[in-house]
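Here is the structure we will look at, set down as structure tokens.
The values are calculated or read from the model by the stated rules, or taken from the named source; none is laboratory data. Please read these numbers as outputs of a predicted model, since none were measured by experiment. Ideal geometry is used to build each Cβ from the backbone, glycine not excepted, and the neighbour counts take in all protein chains shown. Heavy atoms of the whole protein, side chains included, go into the accessibility calculation; ligands, DNA and RNA do not. Shrake-Rupley method; radii C 1.70, N 1.55, O 1.52, S 1.80 Å.
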Amino acid sequence: DEHHCFYVTSTTNREGRSSVAANLAIQLSDMEHRTLLIDFDTRNPSLGALFLDHVDYANSLNALYRGDANEVEAITTLTGYLDILPSVLEHNAISMDSTVINLINKLSEKYEYIILDAPPVGKESDTLSLNQVANTVLFVVGYDMATIPDIQASLEKLDKTGIRVLGCIVNAVQNRNRRDDAQKRLAR
């Protein structure tokens with residue numbers, strides 16, 4: 001395909017979804033692929049803080065969704081190939097409706113890759129609504145963060161919707177040798 005849209009999710013919070021999405025977007029842009037990174041974790045937005053000192057409402061998915069800003073105003077260019085559309089925390093979260101679907105479909109014409117930083121599928125059932133715009137999903141597993149049964153249940157939810165799982169990334173794994181070396185040094 002010429003255009004790719006996928007979302008990054010996990011079982012629970014703090015498994016590193018946003019970091020994985022951000023690093024993947026940086027790598028794709030370094031390979032000169034036009035990439036847009038969108039913060040769809042509207043109940044816990046964090047992507048903007050990874051790249052920007054401050055996220056203004058006028059430069060957010062929220063403003064674009066409500067018609068308070070146009071694409072040029074809402075999207076922030078980070079490099080020649082990487083743009084970001086952050087979210088701001090609001091009382092009324094953005095719902096996955098026809099406005100969002102049309103917005104993403106329109107944006108996909110301008111980018112080779114659109115990466116959606118999504119809420120955890122194990123906590124938010126509306127995350128699965130992103131299947132309407134995404135072709136695939138990347139699943140992040142934080143090392144020792146979620147139980148195996150919870151991870152399996154999340155993957156089964158994704159599987160039942162028919163979306164293709166690109167793969168799983170195990171995040172925050174400590175190198176056992178480094179940990180053992182550090183413990184030995186502390187013991188001395």
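Below are the figures for this structure:
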| read-out | value |
| --- | --- |
| Verdict on residue 136 being of a type in the set (S, T, N, Q), in contact with a helix residue (DSSP H, G or I) (Cβ under 8 Å, 6 or more places away or on another chain) and surrounded by fewer than 21 Cβ atoms within 10 Å (Cβ to Cβ) | no |
| Residue match in segment 88-96 (condition: buried (at least 22 other Cβ atoms within 10 Å of the Cβ), touching a residue at least 12 places away in the same chain (Cβ under 8 Å) and closer than 18 Å to residue 114 by Cβ) | no |
| Subset of segment 58-67 (residues that are in contact with a helix residue (DSSP H, G or I) (Cβ under 7 Å, 6 or more places away or on another chain) and surrounded by fewer than 14 Cβ atoms within 10 Å (Cβ to Cβ)) | 58 |
| The listed residue being open to solvent by less than 20 Å² (accessible area, probe 1.4 Å) and of a type in the set (D, E, K, R), out of 39, 53 | 39 |
| Exclusive hit being in contact with a Phe, Trp or Tyr (Cβ under 7 Å, 6 or more places away or on another chain) and either closer than 22 Å to residue 30 by Cβ or modelled with pLDDT under 90 (or both), set 75, 101, 114, 94 | 94 |
| Any chance residue 81 is touching a residue at least 40 places away in the same chain (Cβ under 8 Å) and either farther than 21 Å from residue 124 by Cβ or open to solvent by 20 Å² or more (accessible area, probe 1.4 Å) (or both) | yes |
